[in-house]
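Heads up, the thing below is written out as structure tokens.
The values are calculated or read from the model by the stated rules, or taken from the named source; none is laboratory data. This one's a predicted model, so the numbers in the text were calculated from it and none came from an experiment. With ideal geometry, Cβ positions are generated from the backbone for all residues, glycine too; neighbour counts draw on all protein chains shown.
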Amino acid sequence: MGVNNSLRLVLLLALLASIISCSSQRYVSMTDPESQASVRINLKDGSYREGIIVTGDSLNLVYVDSRTHNKSVIKFDDIKNIVKISRYFDFEGNPIPVHEIKKYKSPKNTILYGTAGLFLGAAVGTGVGIVLYSQDQPLLANASILLFGGLGAYYFGNKGYYKDIEDAAFAARKARYEEYKAIRAEKRRLEELKKKKEELLKKLKQQKKTK
């Protein structure tokens, strides 16, 4: 195998790895839908819905619609596919802005996955490099180690980045839930105070009548 053929092999493998890393559209399983996934639900009639998944059984998908902010149900027979989207919703179907998610974001998984990808990619590159070294192609051999190490770090680091975003969105969603819960509790408390005040005024009026 000559220099040109060796170079073609390295470039072909690199191109294949790059295509794989860029083509992973994030579909959601229709048999076991991921709870709390922010999704676009593409229907067989050509329309779609967006929102956050609550749960699903063998027949129906339960989700909170981002337009109505209500819990809704769709039959799986009417769904073409379910795809994760880059926007995130809370439990009320309201969007969570990026700046709010970033407050809870940590680089932990990006670093962890990226480092693992670097070593894995370098190992693949070393395997290719051994073949190239045996053909007296040290420059291409070293290039393959660097190339596949970089691709591995990018591919798995990207997966780690999305995991960090998912974790941050979950934390932001939980914080909003606690806030909504506190607001509802305060609203109930004010309604009870209002009710007690009305009852007290009513008793006072009755007492005045009896006098």
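So which of Ser144, Ser86 is under 18 Å from Ser38 (Cβ atoms) and among the hydroxyl-bearing types (Ser, Thr, Tyr)? Steps first, answer last, please.
Numbers: Ser144 fails: under 18 Å from Ser38 (Cβ atoms).
Just one listed residue meets the conditions, Ser86.
In the stretch 35-47, how many residues are under 14 Å from the mean Cα position of the chain (by Cα) and crowded, with 16+ Cβ neighbours inside 10 Å? Can you show your working first?
Start the filter on the stretch 35-47 by keeping residues that are under 14 Å from the mean Cα position of the chain (by Cα), which leaves 35-40.
Subsequent filtering for residues that are crowded, with 16+ Cβ neighbours inside 10 Å retains 36-40.
Here the count works out to 5.
Please verify whether the stretch 122-141 includes one or more residues that are touching a Gly at 6+ places or on another chain (Cβ under 6 Å) and at pLDDT 85 or above.
Taking the stretch 122-141 as the starting set, the residues that turn out to be touching a Gly at 6+ places or on another chain (Cβ under 6 Å) are 122, 125, 141.
Next cut, at pLDDT 85 or above only: none.
No.
Could you please let me know if Phe148 is of a type outside the set (D, E, K, R), buried (at least 19 other Cβ atoms within 10 Å of the Cβ) and farther than 23 Å from Lys108 by Cβ?
Working: of a type outside the set (D, E, K, R): yes; buried (at least 19 other Cβ atoms within 10 Å of the Cβ): yes; farther than 23 Å from Lys108 by Cβ: yes.
When the stated conditions are applied, Phe148 passes them.
If you scan the stretch 130-139, which residues turn out to be at positive phi and either in a helix (DSSP H, G or I) or not charged (D, E, K, R) (or both)? Give the steps one after another, and end with the answer.
The first filter runs over the stretch 130-139 and keeps only residues at positive phi, leaving 136.
Those that are at positive phi and either in a helix (DSSP H, G or I) or not charged (D, E, K, R) (or both): none in the stretch 130-139.
Please pick out the residue among Lys187, Lys159, Lys163, Lys103 that is without any contact (Cβ under 8 Å) to a residue 12 or more places away in the chain and out of contact with any strand residue (DSSP E or B) (no Cβ under 8 Å at 6 or more places or on another chain). Lay out the reasoning, then the answer.
Values: Lys159 fails: without any contact (Cβ under 8 Å) to a residue 12 or more places away in the chain; Lys163 fails: without any contact (Cβ under 8 Å) to a residue 12 or more places away in the chain; Lys103 fails: without any contact (Cβ under 8 Å) to a residue 12 or more places away in the chain.
Unique residue meeting the criteria: Lys187.
Based on what the data block shows, is Ile145 part of a helix (DSSP H, G or I), aliphatic (A, V, I, L, M) and either over 30 Å from Pro97 (Cα atoms) or modelled with pLDDT of 90 or more (or both)?
yes
I'm checking my understanding of the structure. Among residues of the stretch 79-129 that are assigned to a helix (DSSP H, G or I) and of a type in the set (Ser, Thr, Tyr), which one is farthest from Ala171 (Cα to Cα)?
As a first pass, look at the stretch 79-129 and keep what is assigned to a helix (DSSP H, G or I): 98-102, 108-129.
Okay, now just the ones that are also of a type in the set (Ser, Thr, Tyr), so 110, 113, 115, 126.
Values: Thr110: 17, Tyr113: 20, Thr115: 25, Thr126: 40 Å.
Checked the stretch 79-129; the qualifying residue farthest from Ala171 (Cα to Cα) is Thr126.
Could you give me the residue pairs with C-beta distances under 8 Å whose first residue belongs to the stretch 48-72 and is without any contact (Cβ under 8 Å) to a residue 12 or more places away in the chain and surrounded by fewer than 19 Cβ atoms within 10 Å (Cβ to Cβ), whose second residue is in a strand (DSSP E or B) and not basic (Lys, Arg) wherever it lies, and which are 6+ apart or on separate chains?
Close Cβ pairs (under 8 Å, with a partner that is in a strand (DSSP E or B) and not basic (Lys, Arg)) amount to Tyr48/Ile41; Tyr48/Asn42; Val62/Ile53; Val62/Val54; Val62/Thr55; Val62/Gly56; Val62/Ser72; Val62/Val73.
Only one of (1) more than 23 Å from Asp164 (Cβ to Cβ); (2) touching a Ser or Thr at 6+ places or on another chain (Cβ under 8 Å) fails for Pro95. Which number is that?
(1)
Take Val83 and decide whether it is under 30 Å from Thr55 (Cβ atoms), within 27 Å of the chain's Cα centre (by Cα) and without any contact (Cβ under 8 Å) to a residue 40 or more places away in the chain.
Numbers: under 30 Å from Thr55 (Cβ atoms): yes; within 27 Å of the chain's Cα centre (by Cα): yes; without any contact (Cβ under 8 Å) to a residue 40 or more places away in the chain: no.
Criteria not met by Val83.
Counting only residues that are modelled with pLDDT of 90 or more and small (Gly, Ala, Ser), which one in the stretch 158-188 is surrounded by the most Cβ atoms within 10 Å (Cβ to Cβ)?
The qualifying residue surrounded by the most Cβ atoms within 10 Å (Cβ to Cβ) is Ala169.
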